[in-house]
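Colleague: Below is the structure I would like to discuss, written out as structure tokens.
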Amino acid sequence: MSDEKRTFGEFFKFLRKKNKITLREFCLNASADPANISRLERGAMPPPQDTDILERYAKALDIKNGSDDWYTFFDLAAADRGIIPKDIMSDIEAVRMLPAFFRTLRGQKPTEEEMKNLAEKIKKS
């Protein structure tokens, strides 16, 4: 699936179909309401904010904890809700770099100090 214009609901449905899980099977395994999951997949309902619910859904979709799909699943859920993922917000160094990141996304040039700090963070990764 292309990353371009991918939403949480689209990714959710893609994973469900890729794993050949029907909507009803998913709902039984995840203790979820079929009408709500259908709305979620169509983008008519936002992703859950509760981490426990997202983890339950991820497990029912057979997403391995720590995999690329795991992070994409949780990142898209946060992005569709307009929030920054909790794991990013708990990293003080990352939070300090967010203003430079936002300016860069807007096409504004970060300061030399911000670029130096970002380069150091990348080197440590």
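Colleague: Just to check your reading of the model, which residue among Ile21, Ile63 is more than 25 Å from Phe102 (Cβ to Cβ), surrounded by 15 or more Cβ atoms within 10 Å (Cβ to Cβ) and either over 15 Å from the mean Cα position of the chain (by Cα) or of a type in the set (Gly, Ala, Ser) (or both)?
Modeller: Of the residues listed, the single one that is more than 25 Å from Phe102 (Cβ to Cβ), surrounded by 15 or more Cβ atoms within 10 Å (Cβ to Cβ) and either over 15 Å from the mean Cα position of the chain (by Cα) or of a type in the set (Gly, Ala, Ser) (or both) is Ile21.
Colleague: Further question on the same structure: Can you name the number of the only condition in (1) closer than 30 Å to Glu120 by Cβ; (2) free of Cβ contacts under 8 Å to residues at least 40 places away in the same chain that Ala79 fails?
Modeller: Unmet for Ala79, out of (1) closer than 30 Å to Glu120 by Cβ; (2) free of Cβ contacts under 8 Å to residues at least 40 places away in the same chain: (2).
Colleague: Looking at Asp75, Asp87, Asp69, which is the one that is within 21 Å of the chain's Cα centre (by Cα) and either exposed (fewer than 13 other Cβ atoms within 10 Å of the Cβ) or in a loop (DSSP other than H, G, I, E, B) (or both)?
Modeller: Asp87
Colleague: Still on this structure: I want to confirm something. Restricting to segment 43-55 and keeping residues that are among the charged types (D, E, K, R) and modelled with pLDDT of 95 or more, which single residue is surrounded by the most Cβ atoms within 10 Å (Cβ to Cβ)?
Modeller: Glu55
Colleague: While we're here: Given the options Asp91, Asp80, name the one that is closer than 28 Å to Asn19 by Cα and of a type in the set (Asp, Glu).
Modeller: On inspection, the qualifying residue turns out to be Asp80.
Colleague: Please work out if Ala58 is in a helix (DSSP H, G or I), small (Gly, Ala, Ser), at pLDDT 95 or above and in the same structural domain as Lys18 (by TED's automatic domain parsing).
Modeller: Criteria met by Ala58.
The values are calculated or read from the model by the stated rules, or taken from the named source; none is laboratory data. Computed from a predicted structure; not experimentally measured. In this analysis, Cβ positions are derived from the backbone assuming ideal geometry, glycine residues included, and neighbour counts consider all displayed protein chains.
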